[in-house]
Amino acid sequence: MSHLRIFAEDNSETPLETHATHAEIAKALAAVGVRFERWRTDKPIAAGASQEEVIEAYREDIDNLIREEGYKSVDVVSLTADHPDRAALRQKFLSEHTHVEDEVRFFVAGSGQFSLHIKDKVYDILCEKGDLIGVPDGTRHWFDMSEEPNFVAIRLFNNPAGWVAEFTGDKIADRFPRMSPSRPDSPTR
């Protein structure tokens, strides 16, 4: 189940707020300019499906978002606990960074944890299958997929080069909770 915990940036122990319903999460995130929606995930995706197969399964939704927001490229990231480079890939996203464009992810399967550093707060969002998150450009954030990643996410970009990060050098991400492995949902569901 998706959830949101909001922390003061100087206290990673006790959340200021916790939200567990999609409506509450969407409302709290909208207040700071973050898009959070629930999309249908009823298209069957076979284990090991190619990027093209995943994109084609959700082509209508992707095309609507491209028309609405003007995105120029789409890709799919799919990771499982047996991926040989999972530790290196996880490490790449764990440091606070920004982008010069929105970071949009639609979780087709599995889950991932976005942590957004906005003003003096950290918004820790567990995104699950069916969640679409749009992190505005310039927002300081990091992403965790746990030590045992298990997700398939469609990513949309304004930059044809895809994912390009500017790391802030701030070690704040090291002080906040990491994602625990999630097993109930697999990429084949």
Below 8 Å, C-alpha to C-alpha, sequence gap of six or more: please give me the relative contact order for the chain in percent. 29
With springs only between Cα atoms under 10 Å, which of GLU101, GLU24, GLU13 fluctuates most in a Gaussian network model of the chain? GLU13
Just rank MET1, MET145, fewest to most, by other beta-carbon atoms within 10 angstrom. MET1, MET145
Starting from segment 125-180, pick out the trypsin sites (Lys or Arg not before Pro) whose DSSP state is loop and whose Cβ has at most 11 other Cβ atoms within 10 Å. LYS171
Can you tell me how segment 36-189 classifies by the Cα gyration tensor, rounded, prolate or oblate, using a/c under 1.5 as the rounded cut? oblate
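Where a number appears in this text, it was derived from the coordinates with a stated rule and is not lab data. All figures in this text were calculated on a predicted structure; none of them were measured in a lab. For neighbour counting, all protein chains shown are included, and Cβ atoms are generated from backbone atoms with ideal geometry for every residue, glycine included.
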